[in-house]
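Student: Below: one structure in structure tokens.
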Amino acid sequence: MSSAVEKSKLWWQEAAIYQIYPRSFQDSNGDGEGDLPGVISRLSYLKELGVDAIWLSPFYTSPNKDGGYDVSNPRDVDPRFGKMSDAVSLIDEAHKVGLRVIVDIVPNHFSTEHIWFKAALDSKPGSKERARFHFYDGRGEDGEIPPNNWCSIFGGPAWSRVTESDGKPGQWYLHLFDSTQADLNWKNEDVHQDFEESLRFWLDKGVDGFRIDVAHGLVKDEILRDHRDPEGLTRALRLDVSDMPREQRESLLSDVPFFDRDGVHEIYRKWRRIFDSYPGDRMSVAEAWVHPSSRATLYVRPDELHQIFNFDFLIAEWDAKFLANAVDKTLQEVAAVSAPPTWVLSNHDSPRLVSRMGGEALGERKARAMALLTHALPGGVYVFQGEELGLSDAPLSDEDRQDPVFFRTKGADKGRDGARAPLPWSTSQTHFGFTSGRPWLPIPADWRDKTVEAQKSFTEENNLSFLQLYQKSLRLRKFFAALEFSWLTRTNDVIGFTRGSEYAVYSNTSGQELQVALPESFAAFEIMLCSAPGLQPRSSQGASLWLPPHSTTWIKRL
Ligand code: GLC
Ligand code: CA
């Protein structure tokens, strides 16, 4: 068997992977927070949705200062999410219904509650306990100035000062994120060993893969060197900052002293050997914001990681030209390293798709069209919980907010809580069936129409709810997942492409109904799916098709 044929069989290459943010998915014990037993109780929902795998955001022991991305024990389950036995049952139960399980791993930092950090605080400057993190003396007469001028991605300085055992202010430690997330020193062998142990721990429990948090962090340049424009750099790294001139942003991002250093690849080559030493097709997917985006392909070279999130669509406009260029660029880049592309429309760190598309009925309409376009592309797709319900960002009052980004920027950046509101399941139950207690973030009252129960009850074939649209597209995409992609048309308003010889997909990003000529081979065709609610595209004489405004249509040749 040729290696190409073997490769096409790997489950993750064309998989739809559903991201679960466990705290907001399903509560099982009335404490207002989702948990692992809650996830187990909804596996049948996920199966019905048609996804191939779930990726769980962290459920490890954590003081939860950054939604669990501040891990204090990576090899245990936080009591808020359940017990270790629940994690094991979840993996087993998911496998029984044919769902793979991916877990998060957070190698850039540990919580300051981790025993290592506590030991570092109890030890002297220069000790082996401190060498696992980035501890340095400050500058200035009394060491009152941080070792360098880097800023935290979450706002404020990237350094905090500790109090030494004599009660005096002492050394500083580096934290690229919250002050409770101390960056690990990847030049230290203990750090390597500990993460390898965590990988094996979860692989032994049967997980199918890892999502690697801040995979481009880890290795840092010479630390005792100031950056020429630290505030500018932080702004350049923020997706929501749009008023920075392009050249300035590109120049700042082209050389970030703490991201995408060449040394990270050695780590992943080592990890890859661990994954490969296990039976089954274990995989890994990197969260790596790198610049230019072509550098992302370095992470998916054959002896490194398997997938890298492609965030182009996470920030994309509903604009044919922009989207076609993004698709083209992505396909070319990954082809160069023979890695499969991935597509991401939303996650727990970004505004929800419907909101990003402007909200309301029009935002929903564009989001549906965007989803059908994405689901028709080659490669893997990631679906963030609630995306399939067409949820928008939950409006929150500042009192409700919990994201450290909100606090560290003193409210200038509202943070990411809006995308993290709990899921609405049932129309009749209190808190829409998410919890019998008080949800940790309020669920908007108008999500009554958006519950899973409400969306399951749509009965007309040409008026699918968001959920039904996702169910259908996730099922139908399997027909052409492995088939060749080829462009048909790329204009300012229309994108068209084929998958194999039988399937064609068209998106119309304009507000007008538009007619497209179909290739001759599509003289006779049927409409598989159309994103426009309550309306079907019409075909006309000869091989042409009318595309509804803001829509994506899948057709199959007869
Ligand atoms: C990643 C996570 C995000 C977290 C950050 C720090 O970007 O997705 O939620 O805050 O890393 O761990
Ligand atoms: Ca709970």
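The values are calculated or read from the model by the stated rules, or taken from the named source; none is laboratory data. The structure displayed is predicted, hence computed values, not measured ones. Counting neighbours? That spans all protein chains shown, and the Cβs are built from the backbone with ideal geometry, glycine included. We work out accessible area using only protein heavy atoms, side chains counted, and drop any ligands, DNA or RNA first. Shrake-Rupley method; radii C 1.70, N 1.55, O 1.52, S 1.80 Å.
Student: Could you figure out which of (1) touching a residue at least 40 places away in the same chain (Cβ under 8 Å); (2) in a loop (DSSP other than H, G, I, E, B); (3) more than 19 Å from Ile308 (Cα to Cα) isn't true of Asp255?
Tutor: Every condition holds for Asp255 apart from (1).
Student: So Glu287 passes all but one of these: (1) in contact (Cβ under 8 Å) with a residue 40 or more places away in the chain; (2) out of contact with any strand residue (DSSP E or B) (no Cβ under 7 Å at 6 or more places or on another chain); (3) within 23 Å of Leu377 (Cα to Cα). Which condition number does it fail?
Tutor: Failing condition for Glu287: (2).
Student: Looking at segment 34-47 only, could you name the residues that are open to solvent by 10 Å² or more (accessible area, probe 1.4 Å) and within 15 Å of ligand 2 (Cβ to nearest atom)?
Tutor: Selection gives Pro37, Ile40, Ser41, Arg42.
Student: How many residues are within 22 Å of Ser346 (Cβ to Cβ) and part of a loop (DSSP other than H, G, I, E, B) when one looks only at segment 227-250?
Tutor: Qualifying residue count for the region: 5.
Student: If a residue must be assigned to a strand (DSSP E or B) and of a type in the set (Asp, Glu), how many such residues does segment 480-526 contain?
Tutor: Here the count works out to 1.
Student: Is it the case that segment 77-84 has a residue that's more than 18 Å from the chain's Cα centre (by Cα) and touching a residue at least 60 places away in the same chain (Cβ under 8 Å)?
Tutor: no
Student: Kindly provide the set of residues from segment 324-357 that are more than 16 Å from ligand 1 (Cβ to nearest atom), part of a loop (DSSP other than H, G, I, E, B) and under 21 Å from the mean Cα position of the chain (by Cα), ordered by number.
Tutor: Residues satisfying the conditions are Ala339, Pro340, Pro341, Met357.
Student: How many of the residues making up segment 310-321 are at pLDDT 95 or above and either over 25 Å from Gly358 (Cβ atoms) or in contact with a helix residue (DSSP H, G or I) (Cβ under 9 Å, 6 or more places away or on another chain) (or both)?
Tutor: Number of matching residues: 1.
Student: Something else: Go through segment 310-325 and give me each residue that's open to solvent by less than 10 Å² (accessible area, probe 1.4 Å) and closer than 26 Å to His265 by Cα.
Tutor: Within segment 310-325, Phe313, Leu314 meet the criteria.
Student: Would you be able to tell me the number of residues in segment 239-263 that are exposed (fewer than 10 other Cβ atoms within 10 Å of the Cβ) and of a type in the set (S, T, N, Q)?
Tutor: 1
Student: Write out, first by first residue and then by second, each pair whose Cβ atoms fall under 8 Å of each other, whose residues are 6+ apart or on separate chains, and whose first residue, in segment 348-373, is on the phi > 0 side of the Ramachandran plot while the second is assigned to a loop (DSSP other than H, G, I, E, B).
Tutor: Filtered contacts from segment 348-373: Gly359/Ser392.
Student: Hey, another quick one. If we scan segment 58-65, do we find a residue that is within 21 Å of Val381 (Cβ to Cβ), within 16 Å of ligand 1 (Cβ to nearest atom) and crowded, with 24+ Cβ neighbours inside 10 Å?
Tutor: Looking through segment 58-65, none of the residues is within 21 Å of Val381 (Cβ to Cβ), within 16 Å of ligand 1 (Cβ to nearest atom) and crowded, with 24+ Cβ neighbours inside 10 Å.
Student: Considering only segment 361-393, how many residues are touching an Asp or Glu at 6+ places or on another chain (Cβ under 9 Å) and open to solvent by less than 10 Å² (accessible area, probe 1.4 Å)?
Tutor: 6
Student: Just one of Arg238, Arg269 is modelled with pLDDT of 95 or more and out of contact with any His (no Cβ under 6 Å at 6 or more places or on another chain); which is it?
Tutor: Just a single option satisfies the conditions, and that option is Arg269.
The rows are residues; the columns are (1) farther than 30 Å from Ala481 by Cα; (2) of a type in the set (Gly, Ala, Ser).
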position	(1), (2)
Glu14	no, no
Ser24	yes, yes
Ser41	no, yes
Leu46	no, no
Pro74	yes, no
Ala87	yes, yes
Glu93	no, no
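Student: Next question, about the same structure. Looking at (1) in contact with a strand residue (DSSP E or B) (Cβ under 8 Å, 6 or more places away or on another chain); (2) within 15 Å of ligand 2 (Cβ to nearest atom), which one does Ile54 not meet, given that it meets all the others?
Tutor: (2)
Student: Restricting attention to segment 437-454, which residues are of a type in the set (D, E, K, R), over 23 Å from the mean Cα position of the chain (by Cα) and either open to solvent by less than 50 Å² (accessible area, probe 1.4 Å) or more than 12 Å from Glu33 (Cα to Cα) (or both)?
Tutor: Asp446, Arg448, Asp449, Glu453
Student: With respect to Phe195, is the statement that it is away from ligand 2 (no atom under 16 Å from the Cβ), aromatic (Phe, Trp, Tyr), in contact (Cβ under 8 Å) with a residue 60 or more places away in the chain and assigned to a loop (DSSP other than H, G, I, E, B) true?
Tutor: no
Here's the yes/no breakdown for (1) closer than 26 Å to Leu49 by Cβ; (2) within 27 Å of the chain's Cα centre (by Cα):
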{"site": "Ser473", "(1), (2)": "yes, yes"}
{"site": "Asn508", "(1), (2)": "no, yes"}
{"site": "Ala517", "(1), (2)": "no, no"}
{"site": "Phe525", "(1), (2)": "no, no"}
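Student: Further, regarding this structure: From the residues in segment 268-284 that are touching a residue at least 60 places away in the same chain (Cβ under 8 Å) and not aliphatic (A, V, I, L, M), which one is nearest to Val103 (Cα to Cα)?
Tutor: Out of the qualifying residues, it is Ser284.
Student: From the list Phe480, Phe434, Phe458, which one is in contact with a helix residue (DSSP H, G or I) (Cβ under 7 Å, 6 or more places away or on another chain) and either buried (at least 21 other Cβ atoms within 10 Å of the Cβ) or at pLDDT below 95 (or both)?
Tutor: Phe458
Residue-wise test of (1) in contact with an Asp or Glu (Cβ under 7 Å, 6 or more places away or on another chain); (2) open to solvent by less than 10 Å² (accessible area, probe 1.4 Å); (3) modelled with pLDDT under 95.
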position	(1), (2), (3)
Lys9	no, no, yes
Tyr18	no, yes, no
Ser24	no, yes, no
Leu49	yes, yes, no
Asp70	yes, yes, no
Asn73	no, no, no
Val88	no, no, no
Ala94	no, yes, no
Arg100	yes, no, no
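Student: Hey, can you tell me all the residues within segment 182-216 that are within 21 Å of the chain's Cα centre (by Cα), among the acidic types (Asp, Glu) and more than 15 Å from ligand 1 (Cβ to nearest atom)?
Tutor: Scanning segment 182-216 gives a single hit, Asp208.
Student: Taking segment 406-430 as the search range and keeping residues that are open to solvent by less than 80 Å² (accessible area, probe 1.4 Å) and part of a helix (DSSP H, G or I), which one is nearest to Pro157 (Cα to Cα)?
Tutor: Looking at the filtered set, the residue picked out is Arg408.
Student: Are there any pairs, at least 6 apart or on different chains, whose C-beta atoms fall under 7 Å, with the first in segment 160-186 and closer than 14 Å to Trp116 by Cα and the second open to solvent by 20 Å² or more (accessible area, probe 1.4 Å) and charged (D, E, K, R), and if so, which?
Tutor: Close Cβ pairs satisfying both conditions: Thr180/Lys65; Leu184/Arg132; Asn185/Arg132.
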